[in-house]
């Protein structure tokens with residue numbers, strides 16, 4: 001970010017004071033919009049550029065008619081450069097300023113409606129000590145809502161690990177600038193919103209060396225674009241779901257319906273013939289195909305020719321939801337992956353069929369998307385779940401590159417790794433989605449989005465993961481995290497599309513909504 005700011009100023013001629021003014025304005029606008037009932041605001045400022053942002057915020061809120069008090073954790077003579085200039089503007093606006101942590105400033109925090117944390121920004125490396133540590137403790141103990149400027153003070157912006165502790169400020173919302181840093185996505189620094197506001201850096205200046213992207217609504221623009229008035233179902237693809245077994249018919253049915261909720265034109269679900277009535281009764285919109293079955297009610301190898309023929313007329317095939325692990329079914333899965341030439345999505349026991357045989361998973365033969373949870377990833381790689389969770393990004397990247405496929409490693413901040421090493425991290429979703437069936441919904445959604453974007457399977461997977469999590473967030477708002485079930489995501493998906501469409505045109509980037 002330091003380099004981005006430098007290039008913005010030196011190459012593109014945007015003064016650093018303008019960047020600071022825009023940053024503070026963005027935070028003030030967020031506060032006025034998100035906390036309309038707040039009338040008294042305490043802005044706690046350090047002596048660096050984060051404090052400079054805080055001075056702008058205080059001035060803007062004061063201009064908007066709020067009662068603002070600035071608590072400066074330094075002497076005015078310690079301020080340098082842009083921060084000193086903005087402090088001068090603040091004094092000219094007659095905003096009240098208290099220095100150090102006096103009894104008076106503590107009372108200001110206790111009596112305010114909102115605290116703005118402008119102590120330390122993303123250039124800081126922990127641990128925090130002295131007066132700043134005392135101020136962080138005071139904010140944490142205040143019980144007041146806290147909006148963090150750039151990042152909660154005391155956090156390490158470069159860390160990809162969850163961060164917590166007494167040395168990190170509590171945050172109910174975070175407003176950062178230009179683009180997120182790793183901690184904004186991986187750090188679990190707030191359960192509230194995280195937004196990135198533009199402050200004047202042109203797109204050409206925003207360069208990252210991480211080869212890592214965070215998905216935002218704007219990345220879904222091709223999927224969210226208005227449909228032509230003369231559209232027909234054939235324009236949006238036909239997905240085939242292959243799965244189901246005795247006792248697990250619901251998985252295939254949910255995946256099939258998720259295909260349609262994701263916007264695909266047609267969805268066919270192929271299941272063992274004895275469980276077909278259960279799937280057909282799940283939703284009238286689903287087409288079904290009966291398959292040869294084993295004596296235990298799973299898909300038999302006798303279904304190979306039929307599924308191969310069906311796949312020849314499909315845009316995408318999804319394999320695995322509820323399919324089971326019977327030996328005949330495992331053989332069927334391995335063979336059908338060899339035969340199918342259109343894009344494929346493999347999940348659940350479809351993945352488990354390749355335990356010890358991952359050489360059969362070759363995405364260079366046709367686009368291949370795998371969607372394992374950590375347990376399935378453990379069986380594919382031979383690594384422990386603990387080892388996978390400790391290095392999710394690199395594990396996903398390595399597998400995707402080795403097998404030339406798209407790897408969707410599910411979990412908090414789901415990782416989507418591409419064959420070329422690029423990776424995307426997903427910011428949507430919540431703990432309520434840790435319930436049976438949500439993975440089947442994702443399988444169907446992924447197939448449904450691929451059906452509409454068959455020329456860009458990797459980006460389709462990114463879009464599906466984002467909308468899946470957002471549908472979960474919508475459902476959690478209505479149902480609560482404890483009571484959320486997988487089919488609630490199907491109900492929440494239309495609103496997820498509406499929100500993503502609206503956010504895609506906003507200047508503010510929502511990392512967490």
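Worth a mention:
- Residue match in the range 377-396 (condition: within 25 Å of residue 268 (Cα to Cα) and touching a strand residue (DSSP E or B) at 6+ places or on another chain (Cβ under 7 Å)): no
- Of everything listed in (1) surrounded by 16 or more Cβ atoms within 10 Å (Cβ to Cβ); (2) without any contact (Cβ under 8 Å) to a residue 24 or more places away in the chain; (3) closer than 29 Å to residue 257 by Cβ, the single unmet condition for residue 353 is (2).
- Selected residue (criterion: farthest from residue 28 (Cα to Cα)) from residues of the range 61-71 that are touching a residue at least 12 places away in the same chain (Cβ under 8 Å) and not in a helix (DSSP H, G or I): 71
- Single residue of 85, 58, 98, 110 found to be more than 38 Å from the chain's Cα centre (by Cα) and not in a loop (DSSP other than H, G, I, E, B): 98
- Residue check, residue 444 assigned to a helix (DSSP H, G or I) and over 15 Å from the mean Cα position of the chain (by Cα): yes
- Residue 174, sole failed condition from (1) part of a loop (DSSP other than H, G, I, E, B); (2) within 21 Å of the chain's Cα centre (by Cα): (1)
- Of the listed requirements (1) surrounded by fewer than 19 Cβ atoms within 10 Å (Cβ to Cβ); (2) in contact (Cβ under 8 Å) with a residue 12 or more places away in the chain, residue 307 misses just one: (1).
- Unique match (being touching a strand residue (DSSP E or B) at 6+ places or on another chain (Cβ under 8 Å), more than 17 Å from residue 24 (Cα to Cα), buried (at least 22 other Cβ atoms within 10 Å of the Cβ) and in the same structural domain as residue 178 (by TED's automatic domain parsing)) among 74, 58, 135: 135
- Residue within the range 324-346 that is over 17 Å from residue 257 (Cβ atoms), part of a strand (DSSP E or B) and within 33 Å of the chain's Cα centre (by Cα) present: yes
The values are calculated or read from the model by the stated rules, or taken from the named source; none is laboratory data. These numbers were taken from a predicted model, which means no experiment stands behind them. All Cβ positions, glycine included, derive from the backbone under ideal geometry; neighbour counts span all protein chains shown.
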